[in-house]
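A quick write-up on the structure given underneath.
The values are calculated or read from the model by the stated rules, or taken from the named source; none is laboratory data. Please read these numbers as outputs of a predicted model, since none were measured by experiment. Neighbour counts are summed over all protein chains in view; Cβ atoms, including those assigned to glycine, are modelled from backbone coordinates with ideal geometry. When the accessible area is computed, the model is the full protein with side chains, heavy atoms only, and any ligands, DNA or RNA have been set aside. Shrake-Rupley method; radii C 1.70, N 1.55, O 1.52, S 1.80 Å.
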Amino acid sequence: MGTETFRITREQAELYEERFVPALFRNWVDLVLDGAGVHTGQRLLDVACGTGVVARSAADRVGSTGAVIGLDLNPAMLAVARDVRPELDWRAGDAGEIPFADDDFDVVTCQAGLMFFPDPTAALREMGRVTRPGGVVAVQVFSALSSQPAYGPWIEMVARHAGAVATEMLGTYWVHGDPGALRARCTDAGLRVVAQHDDVRPAYFPSVEAMVLTEVNATPLADRLQPAELRQILTESEHVLGRFRNSDRLEIPIAGYVLVATPT
Ligand SMILES: C[S@@+](CC[C@H](N)C(=O)[O-])C[C@H]1O[C@@H](n2cnc3c(N)ncnc32)[C@H](O)[C@@H]1O
């Protein structure tokens, strides 16, 4: 997934649901929903819901006496979400201007979304605004590149071949990696952080080559690399990532965390 996720096509949204959700995003859902203490009867908004992996699981938890709404900017992601779970409420909208009234929800979740928002503090403020007093906002992001056991050394190696620009191009996922900085943003947004849950969870790829091509093709790096450079990167990736091979697939550890906050 690159930096332009919110412009993706229907085909890419289907690929996201079929490949990336089981490979990575599904693995973080329970940390978000447990962190937020989601239970029967609650009204929950999932911001940047994508194809709906968090919202679907939340709907199972809140049951028929609760309600879940998934909000996303991208119509293709929402169309796939609707196909998978037509009975849930999927809405188009911007995290920076959430189309709901003040205090409307018990819980607001946002998994792997914050890094794409042009003004993350404004989005956090919006999440707090639509959460009732005493309600919960739970935001999941990935840790800094320096704490990533696989992506850290891998991106360092790619940057040796493709230049420092590669670090930036492959860097979107780690921009909120400093929990202190994100906590400060929450405070600025009128949220009080009550808990932080750190964890390392796997991302699955069929092979080292599949992982490298996925990452490279999701960014403008694909156009910058000469075929010989890409071949070299593929060869060295086997050295850097080979130790994460587990039986017949690659199991890359990803460090991330969830901040749980309440409106002040
Ligand atoms: C990596 S996906 C995460 C989706 C989902 N939360 C999950 O865990 O699978 C990021 C999502 O953020 C959405 N997004 C990006 N900018 C947004 C914005 N300003 N408002 C709402 N959604 C946005 C994208 O359309 C995309 O669906």
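Does ALA218 satisfy being out of contact with any Cys (no Cβ under 7 Å at 6 or more places or on another chain) and surrounded by fewer than 17 Cβ atoms within 10 Å (Cβ to Cβ)?
No, not satisfied.
Looking at (1) open to solvent by less than 20 Å² (accessible area, probe 1.4 Å); (2) part of a helix (DSSP H, G or I); (3) in contact with a Gly (Cβ under 9 Å, 6 or more places away or on another chain); (4) more than 9 Å from the ligand (Cβ to nearest atom), can you tell me which one LEU33 breaks?
Single failed check for LEU33: (3).
Looking only at segment 54-102, count every residue that is open to solvent by 50 Å² or more (accessible area, probe 1.4 Å) and touching a residue at least 60 places away in the same chain (Cβ under 8 Å) and tell me the total.
Number satisfying all stated conditions: 2.
Does TRP90 qualify as being near the ligand (Cβ under 8 Å from one of its atoms) and aromatic (Phe, Trp, Tyr)?
no
Yes or no, residue by residue, for (1) away from the ligand (no atom under 13 Å from the Cβ); (2) of a type in the set (Val, Ile, Thr); (3) in a strand (DSSP E or B); (4) open to solvent by 40 Å² or more (accessible area, probe 1.4 Å):
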{"position": "ALA159", "(1), (2), (3), (4)": "yes, no, no, no"}
{"position": "GLU168", "(1), (2), (3), (4)": "yes, no, no, yes"}
{"position": "ARG183", "(1), (2), (3), (4)": "yes, no, no, yes"}
{"position": "THR187", "(1), (2), (3), (4)": "yes, yes, no, yes"}
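How many residues, within segment 36-53, are farther than 21 Å from VAL193 by Cα and crowded, with 24+ Cβ neighbours inside 10 Å?
Residues that pass the stated criteria total 5.
Going by the structure shown, is THR121 within 11 Å of the ligand (Cβ to nearest atom) and among the polar types (S, T, N, Q)?
No.
A quick yes/no check of all residues on (1) within 10 Å of the ligand (Cβ to nearest atom); (2) of a type in the set (A, V, I, L, M, F, W, C):
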position	(1), (2)
CYS49	yes, yes
VAL62	no, yes
GLY70	yes, no
ASP104	no, no
ARG129	no, no
VAL136	no, yes
VAL139	no, yes
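Write out, first by first residue and then by second, each pair whose Cβ atoms fall under 7 Å of each other, whose residues are 6+ apart or on separate chains, and whose first residue, in segment 206-231, is of a type in the set (Asp, Glu) while the second is open to solvent by less than 40 Å² (accessible area, probe 1.4 Å) and in a loop (DSSP other than H, G, I, E, B).
Qualifying pairs under 7 Å: GLU215/LEU170.
Looking only at segment 129-151, which residues are of a type outside the set (D, E, K, R), farther than 16 Å from ASP199 by Cα and open to solvent by 10 Å² or more (accessible area, probe 1.4 Å)?
Those that are of a type outside the set (D, E, K, R), farther than 16 Å from ASP199 by Cα and open to solvent by 10 Å² or more (accessible area, probe 1.4 Å): PRO133, GLY134, VAL136.
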